[in-house]
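Q: This is the structure, below, for whatever I ask next.
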Amino acid sequence: MPVDVQSLAKRRGFIWQSAEIYGAMAGFYDYGAMGARLKRKWEDAWLKYFMGLNDNYHLIDTTNILPYAALKASGHVDGFTDPLVECSKCGHAFRADQLIEDVTNEPAEDLTLTDIDEKVKELDLKCQRCKGTFLEARTFNMMFPVPIGTTGKDTAFLRPETAQGAYLNFKRHFEIMRRKLPLGLTIIGKAYRNEIAPRQGVYRMRELIQAELQIFMDPDTFSESLNLEEMKGKMLNVQLVDMRGEGNFKPISCDELIQKYKFPDFYVYHMMKIQEFYLDIIKLPAEKFRFFEKSEKERAFYNRVHFDIEADLHTLGGFKEIAGLHYRGDYDLTKHQEGSGEKMEVSIDGKRLIPHVLELSFGVDRNVWTLLDIHLTEERTGVLKLPAVLAPYTFAIFPLMRKDNLIPVARDIHQKLRVDYDVYYDQSGSIGKRYARMDEIGTPFCITVDYDGLEDGTVTIRDTDTSEQKRVKLADIEDIARALATGRKTFADLE
RNA sequence: GCAGAUGUGAUCUAGUUGGUUAGGAUUAAAGCCUUCCAAGCUUUCUGCCCGGGUUCGAAUCCCGGCGUCUGCACCA
């Protein structure tokens, strides 16, 4: 029986559509009891790893609503839009640039609204449905507008990316953190995009969670703060633009990417760190992970170097973007300097500069989905083989049977471990059924109190990945739990 | 957003030339049994996406909405 990720995600409490009792809205999702735990664990692992790269990287939290002026300056008010023309008769709206391109066969992407109105007249364009005439062109912005106050005159938007919060706060944090570069600002939070056609589950959402690290740095000296030696001999799974169509990726050494392909060494260093995160912490199989270079056309114009980080997901039919590494130059701070009139220039050792930004941007929902997609196997009745640090529950405690002499011992272990760890207690149904439940939600270790153990003071620990069991001393259980939960020991290390 | 397909308990599904109390499997809960991998037995809970229409009668036909899937378009 094949294991369906989607229905397991619902049935076992991971993730499903928001407001489903009212028929749901496309592009909005809720996390349930297991999903919220899994998401939190992913975020914790992500924070621990990437904040650990430098002492001067800090977690901040900024508003979901941003003023018009900030998003005007960032380019989102103008750039995050599509021009539309609406039929005066049937009210149907069309993409104006496409209507024009269809007739002229010339790119119409950069036309202003006035240009479009002229072109529509000139080419005598009519509604494709009812042949009605078009009203004046207007823009459809992908940002959700938010009216503020009683008059709603102060317009604002839900943020389309968390990154802006870091840029807006850069200057103050530079001061607070004693004027040092690199300075990293991390935000984990919601972003909102009014997608025209959200589809493919959590892959394209209207309300999404981002985990982003914005590193403000001097490109001339940034590398000095990094241990570039770590890149020695390291290979990265890379698909360069000119390698398209030649398989999924090619392992290329960090050295070659820097020397031959001329990517900045600090950029390649962070590629290496990201790969390490996915392979070592998230435990993605190497063949399901790659960096996918975006061509000049595909990437935003302000990105000087842009690779997507992709995972091979069978539920979505192949390699899909789950994160991005963007070298944005000084575009963002320069824009906010122009927009706000606040100086973004800083002075370090007599050198004045507007810091450049290296952005590490992760889609949290996509990453949580990736965990389910990659780690859910069809073994037995479906086993979610999560690393211990990511599992919603780390331990489950069972009495072998619902019997008076077994229950108090199991309860006692539960009480002890739940203080420090996420522990699931279960005594209903057969032992096999209880193991199967834990298999499905990815609890890596099940501790069972049995009759033999009552006599010699032991319990069994079962490894979910293999369903193998080992017998350990009850007196050692807290030490063993600590080692397993932190990942300092694996099941194989147990005697 | 366009076109086509589609929507039945928590999950998966049977049932639609309109006709009795919409059937099954799994899950879940309670109990019995059980000395380790969804065993068995008994009992129990939950359903025709929403709103109109046609009809003596609608899960079934029609219209609209919402959701989902596929293709196209979109993805700063």
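The values are calculated or read from the model by the stated rules, or taken from the named source; none is laboratory data. Computed from a predicted structure; not experimentally measured. Reconstructed Cβ throughout: ideal geometry from the backbone, glycine too, with neighbour counts over all protein chains shown. Accessible surface is based on the protein model in full, side chains and every heavy atom, while ligands, DNA and RNA are left aside. Shrake-Rupley method; radii C 1.70, N 1.55, O 1.52, S 1.80 Å.
Q: Looking only at region A:463-495, which residues are in a loop (DSSP other than H, G, I, E, B) and either among the small types (Gly, Ala, Ser) or open to solvent by 70 Å² or more (accessible area, probe 1.4 Å) (or both)?
A: Step one: of region A:463-495, the residues in a loop (DSSP other than H, G, I, E, B) are A:464-467, A:487-490, A:494-495.
Within region A:463-495, A:Thr466, A:Ser467, A:Gly487, A:Arg488, A:Lys489, A:Thr490, A:Glu495 meet the criteria.
Q: Whether any residue in region A:154-172 is free of Cβ contacts under 8 Å to residues at least 60 places away in the same chain, within 28 Å of the chain's Cα centre (by Cα) and more than 13 Å from RNA strand B (Cβ to nearest atom) is what I want to check.
A: Scanning region A:154-172 turns up at least one residue that is free of Cβ contacts under 8 Å to residues at least 60 places away in the same chain, within 28 Å of the chain's Cα centre (by Cα) and more than 13 Å from RNA strand B (Cβ to nearest atom).
Q: If you scan region A:171-190, which residues turn out to be of a type outside the set (D, E, K, R) and farther than 16 Å from A:Leu360 by Cβ?
A: Keep residues of region A:171-190 that are of a type outside the set (D, E, K, R), which gives A:173-174, A:176-177, A:181-189.
Scanning region A:171-190 gives A:His173, A:Phe174, A:Ile176, A:Met177, A:Leu181.
Q: Kindly indicate whether A:Gly363 is surrounded by fewer than 19 Cβ atoms within 10 Å (Cβ to Cβ) and within 13 Å of RNA strand B (Cβ to nearest atom). Show your work before the answer.
A: On the way: surrounded by fewer than 19 Cβ atoms within 10 Å (Cβ to Cβ): no; within 13 Å of RNA strand B (Cβ to nearest atom): yes.
It is false that A:Gly363 is surrounded by fewer than 19 Cβ atoms within 10 Å (Cβ to Cβ) and within 13 Å of RNA strand B (Cβ to nearest atom).
Q: Also: If you take the residues in region A:374-396 that are at pLDDT below 95 and among the charged types (D, E, K, R), which one is least open to solvent (accessible area, probe 1.4 Å)?
A: By that ranking, first place goes to A:Glu379.
Q: If a residue must be closer than 27 Å to A:Asp78 by Cα and surrounded by fewer than 20 Cβ atoms within 10 Å (Cβ to Cβ), how many such residues does region A:336-352 contain?
A: Number of matching residues: 8.
Q: May I ask you to list the residues in region A:428-462 that are within 9 Å of RNA strand B (Cβ to nearest atom) and assigned to a loop (DSSP other than H, G, I, E, B)?
A: Passing the criteria: A:Ser428, A:Gly429, A:Ser430, A:Asp450.
Q: Give, as residue ranges, the helices (runs of 4 or more DSSP H) completely inside region A:237-351 that count at least 2 residues that are within 16 Å of RNA strand B (Cβ to nearest atom), of a type outside the set (A, V, I, L, M) and touching a residue at least 60 places away in the same chain (Cβ under 8 Å).
A: Details: elements: A:254-259, A:265-276, A:331-340.
Here the list reads A:331-340.
Q: While we're on this one: Quickly run through region A:399-456 and pick out the residues that are among the polar types (S, T, N, Q) and open to solvent by less than 20 Å² (accessible area, probe 1.4 Å). Give the steps one after another, and end with the answer.
A: Step one: filter region A:399-456 for residues among the polar types (S, T, N, Q), giving A:405, A:415, A:427-428, A:430, A:443, A:448.
Across region A:399-456, the qualifying residues are A:Thr443, A:Thr448.
Q: Kindly check whether there is at least one residue in region A:274-293 that is open to solvent by less than 30 Å² (accessible area, probe 1.4 Å) and farther than 17 Å from A:Asn237 by Cβ.
A: Scanning region A:274-293 turns up no residue that is open to solvent by less than 30 Å² (accessible area, probe 1.4 Å) and farther than 17 Å from A:Asn237 by Cβ.
Q: Please find, among A:Asp44, A:Asp30, the residue that is away from RNA strand B (no atom under 11 Å from the Cβ) and open to solvent by 70 Å² or more (accessible area, probe 1.4 Å). Talk me through it step by step, then tell me what you get.
A: Details: A:Asp30 fails: open to solvent by 70 Å² or more (accessible area, probe 1.4 Å).
None of the other options fit; the residue is A:Asp44.
Q: Separate question: Scan region A:180-207 for residues that are near RNA strand B (Cβ under 10 Å from one of its atoms) and assigned to a strand (DSSP E or B) and jot them down.
A: So in region A:180-207, the residues near RNA strand B (Cβ under 10 Å from one of its atoms) come out as A:191, A:193, A:195-206.
Correct list: A:Ala191 only.
Q: Here's a follow-up. Any idea which of (1) under 30 Å from A:Ile441 (Cβ atoms); (2) within 15 Å of the chain's Cα centre (by Cα) is the one A:Glu359 doesn't satisfy?
A: (1)
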